[in-house]
Amino acid sequence: MPPFLIVSAFGPELTPFRPDGQGRVELDAQRREALCVAVGIGPVDAALGSARALARVGPSFVVFSGTCGAYPGSGVAVGEVVVARSVHFGDGARALGLGAMPDAQRRRLEPEGGWAEPFRRAGARPADVLTLAAITTDARLAAELARESGCACEHLEAFAVAAACDAAAVPWACVLGVANLVGPGARAEWLRHHHDASRLAADVVRAGLAAMAARDGGA
C-alpha cells in the first residue's frame with residue numbers, strides 16, 4: 001500500500017513526530033509508518049514542494065500538520081487543534097474592496113468525504129481555513145478577512161497543499177494547532193506558542209493516521 005505522507009511548512013513543525021534520518025515515523029506499536037516532508041513556507045513554495053513530494057513519494061493520503069492563527073471573534077482559541085472543513089484562497093486588497101480576483105480563479109477546496117473524520121475523532125475541531133500570501137498584522141484587515149471569507153483561521157500554506165493534492169488526485173486533510181490570534185500581536189504570540197501548537201497538532205495527526213492504518217490494514 002502506498003505510504004501516508006505528513007507535510008509541514010518547515011522542519012520544526014515535524015519535530016514532534018521524531019522522524020528518522022529518512023523522514024520515516026512510526027505511527028503505533030504495530031510499527032505502521034508514515035513519511036514526513038517539509039514542503040516550504042508560503043503558498044508558492046508550499047505548492048511547488050508539495051508537487052515534488054507527491055511525485056517522489058506517490059502517497060495514498062496527505063495530511064498537513066502545522067500551526068495557524070485564529071481570527072478574533074471566531075470562537076476558536078489558542079491551544080485548540082482544528083481540522084480543515086474547507087480551505088480558501090484570499091487576498092487582503094480584495095477583502096478591503098481595493099482589489100479583485102478573477103472569477104475563474106479557484107478559491108475554495110474541501111477534503112473528500114470522510115478523510116478529515118479520523119482527525120475530528122482524535123480531538124480536532126472542524127473549521128474553515130483561509131490561505132493568504134502574507135500574515136495579517138492589522139486588526140481591521142483581520143476583521144474584514146474573517147467577515148468576507150467566513151473562515152475561522154488563517155494559514156499560509158493550506159490551500160496550496162490542498163491544490164497540489166487535488167491536481168494529483170490524492171486525498172488530503174489539514175490539521176493545525178492554533179498558536180495565535182490574527183492581528184497586531186500575532187507574530188509575538190506565535191513565537192511563544194508555536195512549539196506547543198505543533199505538538200498538539202502532531203498528536204492529533206498521529207492518532208488519526210494510526211486509526212486509518214489500523215482500519216486499512218497498515219500504511
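Considering every pair of different Cα atoms, what Kirkwood radius, in Å, is found for the stretch 102-219?
Taking the inverse mean of 1/r over all distinct Cα pairs, the stretch 102-219 comes out at 15.7 Å.
Given a 10 angstrom Cα cut-off, can you work out which residue in 11, 208, 177 is the most mobile in a GNM of the chain?
Evaluated over the chain, the most mobile residue of the options is 11.
Tilt of helix 186-216 relative to the longest C-alpha principal axis of the chain, in degrees (0 to 90, nearest 10)?
With both axes taken from Cα atoms, the answer is about 40 degrees.
Given a cut-off of under 8 Å on Cα pairs at least six residues apart, what relative contact order in percent is computed for the chain?
This gives 30 percent for the chain.
What net charge is computed for the residues neighbouring residue 150, neighbours being all others with C-beta under 13 Å from the C-beta of residue 150, Lys and Arg scored +1, Asp and Glu -1?
Net local charge, residue 150 excluded: 0.
Roughly how many Å² is the accessible area per residue of the stretch 158-219, as a whole number, for a 1.4 Å probe?
Accessible area per residue: 37 Å².
Work out, step by step, the length gained on full extension between residue 216 and residue 15: first 0.36 nm times the residue separation, then minus their alpha carbon distance; give nm to one decimal.
That works out to 69.7 nm of additional length.
Along each of its three principal axes, how wide is the spread of alpha-carbon positions in the chain, in whole angstrom units, largest first?
52, 37, 29
Restricting the count to DSSP beta bridges whose residues both fall in the chain, what percent are antiparallel, rounded to a multiple of 5?
25
Cut-off 10 angstrom, C-alpha nodes, Gaussian network model of the chain. Which of 45, 91, 103 fluctuates the most?
103
Quick check: net charge around residue 68, other residues with Cβ under 14 Å of its Cβ, Lys/Arg +1 and Asp/Glu -1?
Cβ neighbours under 14 Å give a net charge of -4.
The values are calculated or read from the model by the stated rules, or taken from the named source; none is laboratory data. None of these values were measured; they are calculated from a predicted model. Cβ: placed from backbone, ideal geometry, glycine included. Neighbour counts: every protein chain shown. Quick note on the areas: whole protein, heavy atoms, side chains included, nothing else; ligands and nucleic acids left out. Shrake-Rupley method; radii C 1.70, N 1.55, O 1.52, S 1.80 Å.
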